[in-house]
Amino acid sequence: MSNRNSLKLVPRSSGSTQETAALTILAEERPGKWPVLAWFFIFNLLVTFLVVSEADMFPPRLSASDIGKRVRKPLISRRSFTFTPDRELLELMADEAASRVLPVYSVRLNGWTDLWRTHITYAFRAVEDPVFHNQDDLVRERFNQLARVDLDPITFRVLQELEFPKFKAALQTLFTNVLKDRLLVPDVDAFLKKHPNGIELLVEPREIDNYNTPTVLRIGSDYKELLDLRRLTTLFQSEIETRFALGDRDNIHEDGRRALLKVAVALIQSHLQPKDPASSLSLNLRERPDLTTERQKEARRQIVRKPQIIQKGEVLLPADSRITLETVKIYNTMLPHLASRLLGLFGYFILISLFFAVTIWFSTLKFGGARGQTSDFYICGALFLMFLLLVRVGWALTTGIVPQPDSILFPALFPAAGAALLVKILIGTRLAVFFAVAMSFIATWTIGAPVQISIYYFVTGLAAAGVVTRVEHRNVLWKSGLVIALSGLFLVLTYRIVGGNLIDQETLRLCVIAVLGGLILSVLLSGLLPVLEYVGGYVTDIKLLELANSEHPLLQELREKAIGTFQHSQQVAELAFAAAKKVGANPLLVKVAAMYHDVGKTRQPKYYIENQSGEKNPHDDLKPSMSALIIKGHVKETRDTLEKAGIPAKVIAVAASHHGSTLIEYFYRRAQSLAQPGEEGQGLPVPVRDIGCQPLAPRGPAAGSGH
């Protein structure tokens with residue numbers, strides 16, 4: 001039963017007459033508290049699970065299979081903690097440190113000068129020796145042996161024609177201009193393939209340098225500091241054509257220039273790739289594995305077990321980065337243990353329970369008025385959970401489509417606090433306000449948005465509920481949807497102004513979403529309203545107006561079978577409507593109940609005086625007690641008829657109480673005249689609902705017809 005106060009119509013006798021009924025207040029039996037507490041517990045538990053993100057309660061752990069994958073979003077530390085690497089990670093870190101050590105090479109800068117001073121100078125000196133006069137083959141063989149090249153007879157003959165001193169001077173000029181401070185290698189691409197991260201180069205001092213410590217050069221992965229044979233040949237050719245083909249005294253004919261290029265390249269190539277790798281005159285970079293190993297050992301020694309303090313909010317891994325073993329270890333260490341997570345969940349549950357306990361306390365006891373029905377809180381709680389679930393699911397879908405959405409995007413798309421409109425229609429304004437407050441706060445918490453977003457929820461929710469005064473047709477819900485859309489549009493523009501980015505394409509997109517969100521919500525509310533009316537047994541103005549239509553089947557049947565009763569019901573409805581407006585009751589509810597209060601008379605319409613048109617009264621042939629039973633029976637028949645027709649319970653309760661417990665005075669007087677005294681059995685059923693307007697109203701029309 002309801003815990004609302006009820007009004008009971010109690011007769012008061014004075015002699016042999018029945019005076020006007022008086023109204024007294026009798027409290028109905030209150031429901032048990034345990035079902036209410038159980039629902040409150042379940043409600044808060046479900047809200048807690050919806051608010052607390054799955055990632056917080058059951059965070060996914062990283063495993064070895066995740067190593068190498070890229071993360072879409074940055075991994076952020078959720079708490080402050082200390083991380084100490086384990087043995088596996090230390091070994092991996094040591095290996096990585098060693099792998100980052102660049103291979104060590106050494107070279108003697110301008111080493112070609114040593115080559116020139118020894119091999120080349122000796123080779124040209126030998127060809128000028130008189131011993132080899134007119135012995136071209138022996139001269140060429142000796143030159144090739146000393147210079148460590150393999151010149152063919154044609155090229156060597158060109159050298160002889162140019163005269164060796166002139167050729168030697170041209171070659172020395174070419175080397176000086178092109179090879180100065182150059183780092184020579186056979187093939188740069190081979191170095192890049194072998195050492196993609198670059199190398200460390202030790203430039204050893206020459207004999208003429210005044211320092212003894214090698215200079216360290218770090219050669220990057222582009223190897224732009226190195227010069228290989230292919231590029232060197234191009235530089236030689238460019239220098240030869242520039243310097244020795246100008247027509248001046250240094251001019252060398254074309255065959256001589258080709259021979260000069262061939263000799264220069266052959267000399268460099270033979271000493272870049274010497275047949276004897278241990279040759280001290282190699283122009284190539286020399287790999288130093290001993291130094292590389294030493295540096296790798298030093299890098300390993302630098303890796304020690306050192307605790308690392310990580311602060312809350314610190315970026316563990318930037319977006320679009322690959323997961324490493326270190327990331328896996330740190331991230332899994334950050335995750336709290338199950339006991340800690342359960343304790344945190346319990347803390348959230350306590351906070352949410354306190355929030356709703358205080359909200360319910362204030363909404364029911366601290367703002368005046370009677371307490372709401374228990375079913376109101378069941379329906380209101382279920383509505384809250386449903387919309388919060390929609391918020392949670394909608395937010396997950398939104399973030400899946402838009403990786404990093406604007407904080408106002410989802411509230412604009414789904415202004416969940418607009419559900420306060422349904423609470424306003426079904427229950428009342430006071431609870432609707434508290435519903436909007438709670439939904440604004442909890443929905444903002446659920447999506448992890450800034451606190452100012454709750455203002456968006458709150459304003460749109462109250463705007464939707466505030467625009468409705470009386471819901472007399474269902475297009476009022478569309479009107480509320482339009483109000484939500486307009487208020488959302490205004491709030492979006494305000495938020496963009498605060499953010500300093502009003503004039504951009506994103507603002508236009510958010511405005512369109514805000515308008516669509518209001519319209520989508522109105523569609524959802526329109527579909528939910530009849531469902532909640534049925535489940536909660538609510539009687540809204542919309543439903544009452546539908547019942548007040550004179551074309552309703554029950555009213556049509558009443559008009560056809562009992563026209564007098566129909567007219568009487570219409571008169572009672574008008575009187576009850578006026579009385580309800582005077583006392584502040586629901587006039588539409590009272591009017592509709594009055595229109596249906598005598599539909600049970602259609603079963604035996606001629607037994608009621610308003611339907612007798614000069615015909616014989618059937619009660620004349622009945623005992624007074626039987627007549628009283630027939631008259632009383634129309635109340636039960638009315639209730640049965642209304643229940644079968646699916647009329648709301650509240651309307652039935654009001655209609656069934658329209659006579660109160662007053663005496664059926666006509667048959668009581670007749671029984672007295674037949675010597676059957678006693679009022680027992682001559683009264684109508686006691687009312688069960690809080691309606692005092694309608695039992696008063698029938699006394700006017702009925703009394704006029706001898707009823």
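The values are calculated or read from the model by the stated rules, or taken from the named source; none is laboratory data. This is a predicted model, so every value here is computed, not measured. Every residue, glycine as well, gets a Cβ built from its backbone with ideal geometry; the counts of neighbours run over all protein chains shown.
Listed conditions (1) crowded, with 20+ Cβ neighbours inside 10 Å; (2) not in a helix (DSSP H, G or I) are all met by VAL451, apart from (1). When restricted to residues that are surrounded by 15 or more Cβ atoms within 10 Å (Cβ to Cβ), within 17 Å of LEU510 (Cα to Cα) and touching a residue at least 12 places away in the same chain (Cβ under 8 Å), the range 383-413 contains 11.
Taking LEU389 as the residue in question, decide whether it is under 24 Å from PHE41 (Cβ atoms), in a helix (DSSP H, G or I), assigned by TED's automatic domain parsing to the domain that holds GLU533 and touching a helix residue (DSSP H, G or I) at 6+ places or on another chain (Cβ under 9 Å). It would help to see each step written out before you state the result.
On the way: under 24 Å from PHE41 (Cβ atoms): yes; in a helix (DSSP H, G or I): yes; assigned by TED's automatic domain parsing to the domain that holds GLU533: yes; touching a helix residue (DSSP H, G or I) at 6+ places or on another chain (Cβ under 9 Å): yes.
So LEU389 passes the test.
Conditions tested, residue by residue: (1) closer than 12 Å to PRO411 by Cα; (2) surrounded by 13 or more Cβ atoms within 10 Å (Cβ to Cβ); (3) touching a Leu at 6+ places or on another chain (Cβ under 6 Å); (4) not polar (S, T, N, Q).
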| residue | (1), (2), (3), (4) |
| --- | --- |
| LEU489 | yes, yes, no, yes |
| ILE513 | yes, yes, yes, yes |
| ILE520 | no, yes, no, yes |
| PRO530 | no, yes, no, yes |
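VAL468 satisfies every condition listed in (1) part of a helix (DSSP H, G or I); (2) closer than 27 Å to LYS650 by Cα; (3) among the hydrophobic types (A, V, I, L, M, F, W, C) except (1). For the range 569-591: of the residues being closer than 18 Å to ILE652 by Cβ and among the small types (Gly, Ala, Ser), which is surrounded by the fewest Cβ atoms within 10 Å (Cβ to Cβ)? Among those residues, the one meeting the criterion is ALA585. Tell me which residues, restricted to the range 150-200, are of a type in the set (A, V, I, L, M) and in contact with a Pro (Cβ under 9 Å, 6 or more places away or on another chain). The one that is of a type in the set (A, V, I, L, M) and in contact with a Pro (Cβ under 9 Å, 6 or more places away or on another chain): ILE199. I'd like to know if the range 53-63 contains one or more residues that are in contact (Cβ under 8 Å) with a residue 60 or more places away in the chain, surrounded by fewer than 17 Cβ atoms within 10 Å (Cβ to Cβ) and part of a helix (DSSP H, G or I). Looking for residues that are in contact (Cβ under 8 Å) with a residue 60 or more places away in the chain, surrounded by fewer than 17 Cβ atoms within 10 Å (Cβ to Cβ) and part of a helix (DSSP H, G or I), one finds at least one in the range 53-63, hence yes. When GLU557, GLU506 are screened for being touching a helix residue (DSSP H, G or I) at 6+ places or on another chain (Cβ under 7 Å), part of a helix (DSSP H, G or I) and charged (D, E, K, R), only GLU557 passes. Sub-9 Å Cβ pairs linking a first residue in the range 109-130 that is in the same structural domain as LEU283 (by TED's automatic domain parsing) to a second residue that is of a type in the set (Gly, Ala, Ser) and modelled with pLDDT of 80 or more, at least 6 apart or interchain, are HIS119/ALA147; ILE120/ALA147; TYR122/ALA147; ALA123/ALA147; PHE124/ALA147, ordered by first then second residue. Taking the range 133-154 as the range and being in contact (Cβ under 8 Å) with a residue 60 or more places away in the chain and of a type in the set (D, E, K, R) as the test, the residues that pass are ARG148, ASP150. Looking only at the range 386-433, residues that are farther than 30 Å from PRO74 by Cβ and at pLDDT 90 or above come to 2 in all.
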